[in-house]
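First the structure, in the form of structure tokens, and then the observations on it.
Read-outs: derived from the displayed coordinates by stated rules, not from any lab. Quick caveat: nothing in here was measured; it's all calculated off a predicted structure. Neighbour counts run over all protein chains shown; Cβ positions are idealised from the backbone, glycine included.
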Amino acid sequence: MTATENLKARRAAAVAVGVATRGIYAERAENAELWDVDGKRFIDFAAGIAVNNTGHRHPKLMEAVAAQSNAFTHTCFHVAPYEGYIALAERLNTATPGDFDKKTMLVTTGAEAVENAVKMARAYTDRSGVIAFSGAFHGRTLMGMALCGKVTPYKKAFGAMPPEVLHAPFPNEFHGVTVEQSLAVLDNMFKSSIDPERVAAMIIEPVQGEGGFNIAQPEFLRALRKICDDYGIVLIADEVQAGIARTGKLFAFEHAGVAADLVTMAKGLAGGFPLSAVTGRAEIVDAAPVGGIGGTYAGNPLAVAAANAVFDVIEEENLCARATEIGDMIKGRLTDIAARQGMEAIGDVRGLGAMIAFELVTDRQTNAPDPALTQAIVAEAEARGLIILPCGTRANAVRLLPPLTTPMEHVEEALDILEASIEAAINSTAQAAE
Ligand SMILES: Cc1ncc(COP(=O)(O)O)c(C=O)c1O
């Protein structure tokens, strides 16, 4: 029995089924490489689902965390606050889009950041409604899952959702939903389902993560900004997956040239340590009463030290530019592959910066999804030493999330593996059909 087989058996016996897992059991990782418990090497284009933007174990992060662990590891910010938290808040208040006074709170997970942003918006507006979008992913807590725009598996089996959470269509021209249609549904929603003056917040991912790396058009985000201004609705940018240099800008909303009122961040924020944040208009953040927000572990000192180092590394290593450079290379190669004869299964290649996906279809005319081919490509890549992830509401997109510190020779190696995996998966699917 290999070490992996042994862990798989122990995992099956001891760990909840509902916690989805892949078959790669990690032993160690360094920048864009990961080795499993049997010594097999992988290039990691999942980056812990957009977390290790600065690579695995960036030396600067490791030093910062080691230094902090020699001072203290936990006091609870509510009991004995510390400078690192305040310094990070100052940094986020400056770094997030929007030329207005801002404040920040730190928590631990992306879902928790979303929960707290909604709480702040409700406290500020004294309203309760929240509008999210189809295909959205905002986490697995009660409000987080209610906001998700995908039923299975996120809401299925978990009972009643909180009231006054509505979904408008996320524009997706590849699937025939235009910006105008989305805005028309939203307008109709205000006439048929909820008075806009009951809506506290509207929450949107500028690039949908789990939903399939669908990019919100800048004009759509600008239109939402106007609607929110017209009705006094708090606009929340969920930058948990797209933020922190991933799309070639520090925050993906910057591509649209408008600012949200609140920004949620997590994942890349602390480069592998659990930390999330809500940053936004000071008066909205401060609407939550003293003691109404926070948490025992919220803003953990080790994670905060890592996050402060992440921002240093982004600046020093020019990671926004690197995201664009790596993303352009991947997108260019995938576009070339998709143009080749026999590659008609690749229906779409899209992305912003180093947040790239391609969608697999059975027919380019109808764009009917091919989730089986998607799974086959992911499995082929894994067998050949490349970690990639599926995504999309129709489970037919492959997403690529390389660390922004990936050396170019590893990007090239990964693309060679990816191309071979796509070819092998398409050929074996074709043979099976014969
Ligand atoms: C856009 C977005 N929001 C929220 C979350 C939830 O974050 P977490 O899993 O840390 O709770 C995720 C996680 O994938 C996400 O992509």
- Treating the beta-carbon of each Lys and Arg as +1 and of each Asp and Glu as -1, no other charges, what is the dipole magnitude of the chain about its Cα centre, to the nearest 20 debye? 1080 debye
- Message: What are the ³J(HN,Hα) couplings of region 366-375, residue after residue, when phi is run through the Karplus curve with 6.51, -1.76, 1.60 and θ = phi - 60°? Round to Hz, x for glycine and proline.
- Response: 9, 6, 5, x, 10, x, 5, 5, 4, 4
- Query: How do 326, 227 rank when sorted from fewest to most other Cβ atoms within 10 Å of their own Cβ?
  - Reply: 227, 326
- One point scatterer per Cα, no solvent, Debye formula: log10 I(q)/I(0) for region 72-316 at q = 0.12, 0.13, 0.14 Å⁻¹ comes out as -0.64, -0.75, -0.87
- Item | Dipole axis of the chain (+1 Lys, Arg; -1 Asp, Glu on Cβ), positive-most option in 214, 143, 388 | 143
- What length, rounded to one decimal in nm, is gained on full extension from residue 312 through to residue 94, with 0.36 nm per residue of separation minus their alpha-carbon distance? 77.1 nm
- In whole Å, how far is the Cα centre of region 14-40 from that of region 88-119? 31 Å
- Eligible aspartates and glutamates near residue 191 by straight Cα distance, threshold 16 Å, same-chain separation 8 or greater: 164, 230
- Message: Using a 7 Å offset from Cα along Cα-Cβ at residue 30, what residues in region 59-84 end up with backbone N under 12 Å from the label point?
- Response: 59
- Could you work out how far apart the two model spin labels at residue 231 and residue 41 are, taking each label as a point 7 Å from the Cα in the direction of the beta carbon, and quote it in nm? 5.5 nm
- Quick calc: nm separation of the 7 Å Cα→Cβ label points for residue 365 and residue 22 -> 3.6 nm
- Message: Can you tell me which aspartates and glutamates have their Cα less than 13 Å from the Cα of residue 40? Leave out same-chain residues fewer than eight positions away.
- Response: 27, 382
- The percentage of Cα-Cα pairs in the chain separated by more than 36 Å is 26 percent
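Mind checking the full-extension length gain between residue 328 and residue 222? Use 0.36 nm per residue of separation minus the Cα-Cα distance, one decimal, nm.
Numbers: separation 106, 0.36 × 106 = 38.16 nm, distance 2.54 nm.
Contour length minus Cα-Cα distance gives 35.6 nm.
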- Message: Can you give me the C-alpha center-to-center distance between region 233-277 and region 41-58, rounded to a whole angstrom?
- Response: 18 Å
- Could you pull out the pairs from 150/267; 8/60; 60/249; 103/267; 103/155 whose alpha carbons sit more than 27 Å apart here? 8/60; 103/155
- Query: Using r as the Cβ-Cβ distance of residue 283 and residue 78, and R0 as 22 Å, what FRET efficiency do you calculate, to the nearest 0.05?
  - Reply: 0.50
- In what order do 56, 175 fall by count of nearby beta-carbon atoms within 10 Å, going from fewest to most? 175, 56
- Query: Could you put 155, 267, 249 in order, starting from the residue whose Cβ has the fewest other Cβ atoms within 10 Å?
  - Reply: 155, 249, 267
- Note on the structure: If the chain between residue 198 and residue 408 were fully extended at 0.36 nm per residue, the gain over the current Cα-Cα distance would be 70.6 nm
- Note on the structure: One finds, for residue 4 and residue 173 with R0 = 41 angstrom and r their Cβ-Cβ distance, a FRET efficiency to the nearest 0.05 of 0.45
- For residue 168, enumerate residues with amide H under 5 Å from its amide H, sequence gap 5+ or separate chain, H modeled in the peptide plane. 132, 133, 134
